[in-house]
Number of protein chains: 4
Amino acid sequence: MKEISENLKLATIKSQLTKTRIQVGEITIGQDLVVMAGPCAVESEEQLMQTAAAVKAAGANILRGGAFKPRTSPYDFHGLGLQALKLLEKARTAYGLPIITEVLDSRDVTWIGEYVDILQIGARNMQNFALLKEVGKSRKPVLLKRGMHSTLKEWLNCAEYILSEGNPQVILCERGIRTFETYTRNTLDLSIVPAVHELTHLPIIVDPSHATGRVSLIKSMALAAVTAGADGLLIEVHYRPETALSDRDQQLNLPQFADLMQAVLRLKNFMPTLESLADHAKNN
Amino acid sequence: MKEISENLKLATIKSQLTKTRIQVGEITIGQDLVVMAGPCAVESEEQLMQTAAAVKAAGANILRGGAFKPRTSPYDFHGLGLQALKLLEKARTAYGLPIITEVLDSRDVTWIGEYVDILQIGARNMQNFALLKEVGKSRKPVLLKRGMHSTLKEWLNCAEYILSEGNPQVILCERGIRTFETYTRNTLDLSIVPAVHELTHLPIIVDPSHATGRVSLIKSMALAAVTAGADGLLIEVHYRPETALSDRDQQLNLPQFADLMQAVLRLKNFMPTLESLADHAKNN
Amino acid sequence: MKEISENLKLATIKSQLTKTRIQVGEITIGQDLVVMAGPCAVESEEQLMQTAAAVKAAGANILRGGAFKPRTSPYDFHGLGLQALKLLEKARTAYGLPIITEVLDSRDVTWIGEYVDILQIGARNMQNFALLKEVGKSRKPVLLKRGMHSTLKEWLNCAEYILSEGNPQVILCERGIRTFETYTRNTLDLSIVPAVHELTHLPIIVDPSHATGRVSLIKSMALAAVTAGADGLLIEVHYRPETALSDRDQQLNLPQFADLMQAVLRLKNFMPTLESLADHAKNN
Amino acid sequence: MKEISENLKLATIKSQLTKTRIQVGEITIGQDLVVMAGPCAVESEEQLMQTAAAVKAAGANILRGGAFKPRTSPYDFHGLGLQALKLLEKARTAYGLPIITEVLDSRDVTWIGEYVDILQIGARNMQNFALLKEVGKSRKPVLLKRGMHSTLKEWLNCAEYILSEGNPQVILCERGIRTFETYTRNTLDLSIVPAVHELTHLPIIVDPSHATGRVSLIKSMALAAVTAGADGLLIEVHYRPETALSDRDQQLNLPQFADLMQAVLRLKNFMPTLESLADHAKNN
C-alpha cells in the first residue's frame, strides 16, 4: 500500500479526503450509481436510436457507442468515425442522454471532445502516455479503463498522468484482466473495487460485458459489482446482438438489459442494509 | 463450452439435470447457503475452542481448521497433525459443528477420514491425481479447491477424477487465481461461479480469505460471492489474528466475522427478489 | 536475491561452494553435458527397444520413458505401469543406458526406485510436499521439474524439501512455464539457467520438448539451452511419433534426434571459446 | 498456425518467400547480424559520446538512445526530448553509426523521423494503432517491440498495421514478456525467434537487457538468442551504469559490452556448422 501510494500525489486518498464527484448531465458520478449502456460500436442510425430509446427507458444514465474501434487486425471493422459522432449527438438530443465514446489518438482529443460528454481511454491505450496527457489537458471527464494486464499501481499512475495535467475528472473502469482462464474472455477482478476505494478518492465503475464476453454471465457480475461497491456499470446493449459487427457474444438484447436494470435498481436500494455500524461511521 | 464438456462424463450438467446436494450434519450443501469458518491452522485448544464457539454463535455451519499445512518452505510451521485432528473432534462434540480439514498425502486419506466430515484438497494438490483417486474411493464429501493457475476445464477434469472413482460428493471451491496484481494475494474469479452453474451440477463455494489476503476486502468479496450465486463461503477466522502462526493478514477476528455473517444472512434472504421471471422458470 | 535465499539452507550457493555432481552410470551430471532421451510414454517393447537403440547410437546418456502418466482427464491413457518399468529395465540391460521415469504417488517411491536410476517429479507435482519428502528419503537422484507457474523461489524451496530430508542428489529441470502465448505449448524460460547457477550449486537441465510442444522448434531451443549454460537436455524421442499415444506433436523422430545430437555435441565443444577471462576465473 | 496467418496478408511467409532485408547505413538487417547498442536514455553529451565511441569500437552497428521515455509515473525522468535528438545526430556524425530512438506520439513521427534512421515502437505502444498507422506512412524502418503480454498473433497483426500502410521495413524485437517469475524483470521468450521465422519473412532481433533486467544474465541470453537464430541484438550500454537515470540494473558497462561483442562475433561465425543438411537446403 505504501509502495503504491508513493508516486501518487493527486490520486491518493491522502491528498483528498472527500470522494471525487463528477457531474455529467443530471447524474453525479461518485455519488449516484451510474449506468452507461449502448452498443459496442455505432453501426447505423436505426441501431443507435432504437438502442438509445430502450436503454433510456430501462433507466440507463449515459449512452455509450464506439465511433473509433481499436481492433487486433487492420482489416477488421474500425467504426464509422465522424458519422458515428453525429449519430451519438442526435441520440443525445432525442433522449437526453449524455454520451461517452473512446478516443484513440492524441490528435483527436480536442475535436472529439466537442461532440461527447465523457472521453474514454481503452484498455490497450492505458499506458499511451501521450494520449493520457492530452485528455489531461481537456475539460471533459475521462473514463480510464484498466489495461488487460495492468496492476493497480500501474493503473493509478495512469490516472495520475491525467490528474497532473490539471483534469480532476477521472473515472476508473475495471473491465477484466487477462488470465489463463479461457471460458470467459477476461477475468473480472471485483476485489479491485474496494481496493480502489481504500487507496483513492476516484470513482470506479465496472464493465462486465468485456470482462466476461458471455451474455449468460453479465447479469450476475453486474449485481456482484454493485454489491462490491462499484460506483456504476458499463454495459454493452444492442437492439439486435446477433447482427452486431463486433462483440456479438457479449451484447445484451433490449429485454435482457431491462431485466438487469430492474435487479440493479432493487439491489442498489437494498445495499445500505448490509453496512455495519463501522461502515456507517466511515462513510459519514 | 463443448470442448470443456467433452471429457466430462459425470460432472457435466448433461449427465445429471438436478443439482448435487450433499448432506453434512444438519446442512444440505447445494441447497442451503453454507458457511465454513475457522482458523487457518489449529494452533492450540484455547484458540480452536474459542474460535469455534464464536463462529457457531455467529451462524457458521461447519468448522474449518488446518491440521497438515502445505507450506512453500520446509522450515515453516506445518500444523499440529494428529493433535489438531483430536482438537477438531473435541470442538465438534462441544459445539455440534461438522469439521473440514485438508489432506495432503494419498496415504492419509483413510485415517484422516475417520476424524473429519469433509476432506479438503488444497489448490497446490488440485492435480495430484493419486490423491484425487484416493479421496474418490472415500465415502466422505470432498472440497476441491481450484488450483492457483487452473482453468475451469482443468478443474472440472479433477472433479471428474473423484467422481469417476465412485464418490459423487464433490464441492468446488474458488479461492482466487494468480495474476499480475500484487495488491491482493490472488485474484478472486467470481465469474467462475455462474460458469460452474451453467456447466455442472456440482455446488461451488467461495473462499475470499485466500483470494484477497486482506482483511479489509473480505466482507465485500463474501457478499459479492453470494450475489454471484455461490452455494457458500469458506472464511478464515481466528480469535486473535495478530498472533496467528500463518495467514495473519487474512484471518477475521470474531467481531468482524459476526458482522460479516449478519450481512450475509440478510443478503441471502434478499437474493430471490433479484431473479427475473426467466430465472424462476429455470430454477423450478 | 536475498529474499530468495533466506529460507534456503542447503540449496543455496552460500552453503556449498562447489557445484553438485551426481554420478549416474558412466556420466557425471553437473560436470558432463547429459542428454536424457526417449519416448513420452513406454507403449510397447518394440517402441521402447528401437527408440532406445537409436538414442544410444546418437549419443544420449540416459533413457527416459513414462510408466505412470499424469493426464488432465481420468479417461486418457495413463501409461503401462509395472509393465513399462520391466521394459525399461530390459532396455537398460540391452543398451547400457541408465533410466529415468516419473513417480506420482508417495506410496510408489520405494518400489519404483528399485527399477530406475533417477526418479522424476513432474511439473504438476512440484509442490506435492508429501511426494517431495518421500523422494528426499530415497537414495536415488531426483529430477525436479519446475511447475508450470512456479517462480524460481518456489522451485528452489521444493528442492530444499528434498535436500532437507537427506538426499543431496537433486537435478533441476526447466520445462517451460505457462504464459499467454499459445503458439508454443509453454514458454521456455532460458534465463532461469544462469539464474539457477548464480543462486545454487544444483545442476539444471532443460526440456525443450514440453516447453515448445512443436517439433520444428526443439533443435533451436536445445542449442540455445546449451549456450545458456544448461547442464543437459531432456528430449522426447519416438521411433514413430505419428503413432504416439501422447505428446504426438513434440516427439522427435530418430533422424531428427540424431541431427540434434550432432549439433549439440559440436556446440558443447565450441562453448569454452565464448567464455571471457572473468568467466574462466570464476569457474576455476 | 492457420489461425495466426488468416488475417496476415503481408507479414506472412506465404505472401513473400524471400526474407525481408532492410538496409540501414552499411548494414543489411535480415542478412547480417545487427547489434544496436547504447544507453537507455540520452542523459548528456559526455555520456552519449563516450558510450557511442565505445560501442562502435566494440563492433556495434547502430546506436540506440532514448529521447522520449515512457515511464510508469508522470513524475519520473522522461528524457531530454529534442536536445537528445540533437546529441544523437552529433554522435552519428562523429562515429558513423545510424541511430534508433523511440517515438511515443502519432504527432511526433514525422519530425522525429527527420533525425533518426530507425523509429522504435515500444512495448507499451505495441497496440497503439494510431501510432502504428503513422509510422506505416513513414519511409523509415520501424522496430516494433513485442508487448509485455502480447501473443505472437497480436504482435504480427501490429506489424501488419504498419505493412498495410505501405511501409515494408518492419523489424520485430522480442524484449521479454511478463510472467510470475520475479527474479528477472521479464521472461525472455526465445522460442518466438524460430516461430517468427517459420511464419513470417520479417527480421527479428532480441533485447536481453529489458528481458532480464540483470547485468549478470545478459551475456548468456544474448548468446542464446544468436543460437536461436535471432537477426540481431539490442543491448543497453552506459559508460557509467551506476549513475544512470533509468534502468540502472540492466545497462552493461563498456568492458562488459566489449566482452559480450567478442563472444557474439565468435558465435556468429560458428553458427553455420550447427545447421543440418535439411537446414542448408531450406536456407538456400
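The values are calculated or read from the model by the stated rules, or taken from the named source; none is laboratory data. Worth saying up front: this structure is predicted, and the values here are computed from it rather than measured. Here the Cβ is made from the backbone with ideal geometry for all residues, glycine too, and neighbour counts use every protein chain on show. Areas reflect the complete protein model, heavy atoms only, side chains present, ligands, DNA and RNA absent. Shrake-Rupley method; radii C 1.70, N 1.55, O 1.52, S 1.80 Å.
For the range B:187-284, the calculated P(r) over all alpha carbon pairs, in 5 Å bins from 0 to the bin holding the longest distance, is 2, 12, 21, 22, 18, 11, 7, 4, 2, 1 percent.
Going from the isolated chain to the complete set of protein chains, the range B:122-136 loses at least 30 Å² of heavy-atom accessible area (1.4 Å probe) at B:Arg124, B:Gln127, B:Asn128, B:Phe129, B:Ala130. With the biggest extent put first, the Cα atoms of the range C:1-145 measure 50, 37, 24 Å across the principal axes.
Summarise the accessible area of the range B:2-283 (1.4 Å probe, protein heavy atoms) by the percent that is carbon and sulfur. Solvent-exposed carbon and sulfur of the range B:2-283 make up 49 percent of the total. Put the Cα centre of the range C:191-225 next to the Cα centre of the range B:1-52 and the gap is 41 Å. Which percent, nearest 5, of DSSP beta bridges in the protein assembly as shown are antiparallel? Taking every DSSP beta bridge within the protein assembly as shown, about 15 percent pair in antiparallel fashion. Each eigenvalue of the Cα gyration tensor of the range B:147-246, multiplied by 5 and square-rooted, gives one semi-axis; in descending order these are 25, 15, 14 Å. Per residue in the range B:97-112, which ones lose no less than 40 Å² of accessible surface when going from chain alone to all protein chains (1.4 Å probe)? In the range B:97-112, residues shielded by partner chains: B:Arg107.
Peptide packing for C:234-246, C:260-272, B:221-233, C:204-216 was compared via the average number of neighbouring C-beta atoms within 10 Å per residue; ordered from the highest value, the list is B:221-233, C:204-216, C:234-246, C:260-272.
Alpha-carbon geometry of the protein assembly as shown: the Rg and the Dmax are 29.9, 87 Å, given in that order. Extent of chain D along its three principal axes (Cα atoms, max minus min coordinate, largest first): 48, 43, 41 Å.
Averaged per residue, chain A has 34 square angstrom of accessible surface, using a 1.4 angstrom probe with ligands and nucleic acids left out. Chain C contacts chain D over a buried accessible area of about 3400 Å², both sides summed; the probe is 1.4 Å and only protein chains count. Average projection, convex hull of the Cα set of the range D:209-260: 3.4 square nanometres.
Residues of the range C:208-254 buried by at least 10 Å² of accessible area upon assembly of all protein chains, compared with the chain on its own (1.4 Å probe): C:Arg214, C:Ser216, C:Leu217, C:Lys219, C:Ser220, C:Met221, C:Leu223, C:Ala224, C:Thr227, C:Ala228.
Annotation note: trypsin sites (Lys or Arg not before Pro) in the range C:98-201 located in DSSP loop regions with a Cβ neighbour count of at most 14 within 10 Å are C:Arg139. The range A:229-250 to the range C:55-132: how many Å between their Cα centroids? The distance from the Cα centre of the range A:229-250 to that of the range C:55-132 comes to 51 Å.
Annotation for the range C:55-147: chymotrypsin sites (Phe, Trp or Tyr not before Pro) lying in DSSP loop with at most 16 further Cβ atoms inside 10 Å of their Cβ are C:Tyr75, C:Phe77. For D:Asn253 and B:Thr28, the FRET efficiency from 1/(1 + (r/R0)^6), where r spans their Cβ atoms and R0 equals 51 Å, is about 0.15.
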